[in-house]
Amino acid sequence: MTRSTLLTHARIPGQGAHEILINDGRVARVEPDLSDIGDDVPRVDCRNQLVLPALVDGHMHLDKTLTGLPWMPHAAGPDRSSRIETEQRMRAALPPVVERAPNLVRQCIAHGTTALRTHVDVTTDLGLTHLEALLTVREQFARQVSIQLVAFPQTGVLCQPGTAELLERAVAAGADLVGGIDPLTFDGGADAQFTTLFEIAGRHDAGVDVHLHHPGEQGLREIEALVVHAARHQLEGRVTVSHGFALGAAAGDVVTRIGTQMAEAGVSLVTHGGGASPLPPVKRLRELGVEVFAGNDDVRDPWSPFGTGDMLERAMLLAWRSGYRTDADLALALECASAAGARALGLEPHGLAAGMRADLVTVPCETVAEAVVSRMPRGLVFHAGTLVARDGVLIGDA
Ligand SMILES: [Zn+2]
């Protein structure tokens, strides 16, 4: 039997008041008047709010978050090694990941995120403990949000003997992608680390998502090396550069050259628009054919006190830092936080067209641009046609 829901008083971007019929988790009809639908079909009143495709967070660290805990002042120094040490020091006194991570997952869902990719630390001191916790959390929230896991070697791969084996065990245990990090800093060479990552990915049919932070020449070399490995292993559409700050600091002709290589190899880029780092030129890379999408990255954790898990806020920051002002540019920023993320994560398309998966969010705004600028509290959130949050409160909480 078909499971149907009729959304009434829905405002469709650029089209005004409509009604939306959802059948078995997919949008079936979007029309100004669907009064022909029988009274036996349950109605959900969208209260004249704007209905948008739900948000997608392409880069998180659920296992690091302090969300929901008493406020802890930022304790780390200004560099990455200090943040790693601080995090390791704080960890013993924190509640376990399986208790902390849901605090942030709930906030993400309430903000209209129905799919996310989180990195999870896989290191020789942690083993697979964080992965196992997030596998449990993924199961716990399966009805409300789709979670993708990246096995993340926070302290390097080859420089920490045993890490490669742990990454392999992580993808065998359920991680969807193999992660990596700054190979020239940690592992003495890009090819050495990437060869290891791509061999693991190849053996387990996994994707690859690598944190590349270097802002200069080193970062560019790492991105180019990643592109070579992606092409060699024919992992088109399944390899991501996380951050790629070097592209934000590079000259236009360099961006054109490397962006073209990325597009040809199907290597995407996820950005969080971090305030102290060069921002890759989002629009230019998209013009070149690179799938650019957005993620919150650290949300209130030992790495950063900022963040709420709200991808509308992230779209606003991306737009603000990029100097976007027109409605078209603001819509592009939202696309990075929604449909582009779904494509990069390899998810089926979601949104308002008939046949699409009914992952939707409502916002009390008139237009897409206003939604990005105002970041008004979300009204309703649907995941695969199921109402999972209303006015910031989860329904049927896990
Ligand atoms: Zn990250």
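A few points about this structure:
To keep it simple, each residue is scored yes or no on (1) touching a strand residue (DSSP E or B) at 6+ places or on another chain (Cβ under 9 Å); (2) exposed (fewer than 14 other Cβ atoms within 10 Å of the Cβ); (3) of a type in the set (D, E, K, R).
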position	(1), (2), (3)
D79	no, yes, yes
P95	no, yes, no
A110	yes, no, no
G127	no, no, no
L135	yes, no, no
R138	yes, no, yes
G156	yes, no, no
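- Looking across region 295-335, the residues that are in a loop (DSSP other than H, G, I, E, B), closer than 16 Å to G68 by Cβ and of a type outside the set (F, W, Y) come down to N296, D298, V299, R300, P302, P305, G307, T308, G309, D310.
- Scanning region 139-173 for residues that are in contact (Cβ under 8 Å) with a residue 24 or more places away in the chain, out of contact with any Gly (no Cβ under 8 Å at 6 or more places or on another chain) and assigned to a helix (DSSP H, G or I), we see that the one that is nearest to L345 (Cα to Cα) is V171.
- Looking across region 272-293, just one residue is in contact with a strand residue (DSSP E or B) (Cβ under 6 Å, 6 or more places away or on another chain), within 12 Å of A319 (Cα to Cα) and not in a loop (DSSP other than H, G, I, E, B), and that is V282.
- Consider region 250-273 and keep the residues that are more than 17 Å from the chain's Cα centre (by Cα), farther than 17 Å from L177 by Cβ and not aliphatic (A, V, I, L, M). The one that is nearest to the ligand (Cβ to nearest atom) is G259.
- Of residues in region 31-81 being among the small types (G, A, S) and under 17 Å from the mean Cα position of the chain (by Cα), the one nearest to the ligand (Cβ to nearest atom): G58
- Residue that is surrounded by the most Cβ atoms within 10 Å (Cβ to Cβ) [pool: residues in region 206-259 that are basic (K, R) and touching a residue at least 12 places away in the same chain (Cβ under 8 Å)]: R238
- Search result, residues across region 225-238 that are closer than 21 Å to H59 by Cβ and away from the ligand (no atom under 16 Å from the Cβ): A225, V227, H229, A230, L235, E236, G237, R238
- Residue match in region 367-378 (condition: closer than 12 Å to A54 by Cα and in contact (Cβ under 8 Å) with a residue 12 or more places away in the chain): yes
- Considering only residues in region 374-398 that are β-branched (V, I, T) and in contact with a Leu (Cβ under 7 Å, 6 or more places away or on another chain), the one that is modelled with the highest pLDDT turns out to be V388.
- Those residues of region 274-312 which are within 13 Å of the ligand (Cβ to nearest atom) and either in contact with an Asp or Glu (Cβ under 8 Å, 6 or more places away or on another chain) or closer than 19 Å to R117 by Cα (or both), in sequence order: G274, A294, G295, N296, D297, D298, V299, D301, P302, W303, S304, G307
- Between V373, V282, V290, the distinction of being among the β-branched types (V, I, T) and under 27 Å from T8 (Cα atoms) belongs to V373 only.
- Filter result (of a type in the set (V, I, T), within 19 Å of the chain's Cα centre (by Cα) and assigned to a strand (DSSP E or B)) within region 343-387: V361, V381
- Residues of region 118-130 include none that is within 20 Å of L312 (Cβ to Cβ), touching a Cys at 6+ places or on another chain (Cβ under 8 Å) and in a strand (DSSP E or B).
- Pick from region 5-64, criterion on the phi > 0 side of the Ramachandran plot and small (G, A, S), ranking: surrounded by the fewest Cβ atoms within 10 Å (Cβ to Cβ): G14
- Restricting region 260-271 to residues that are assigned to a helix (DSSP H, G or I) and touching a helix residue (DSSP H, G or I) at 6+ places or on another chain (Cβ under 9 Å), the residue that is surrounded by the fewest Cβ atoms within 10 Å (Cβ to Cβ): E264
- Count - residues of region 74-99 that are free of Cβ contacts under 8 Å to residues at least 12 places away in the same chain and not in a helix (DSSP H, G or I): 5
- When region 227-249 is filtered for residues that are over 20 Å from the mean Cα position of the chain (by Cα) and part of a helix (DSSP H, G or I), the ones remaining, listed by number, are V227, V228, H229, A230, A231, R232, A246, A249.
The values are calculated or read from the model by the stated rules, or taken from the named source; none is laboratory data. None of these values were measured; they are calculated from a predicted model. All Cβ positions, glycine included, derive from the backbone under ideal geometry; neighbour counts span all protein chains shown.
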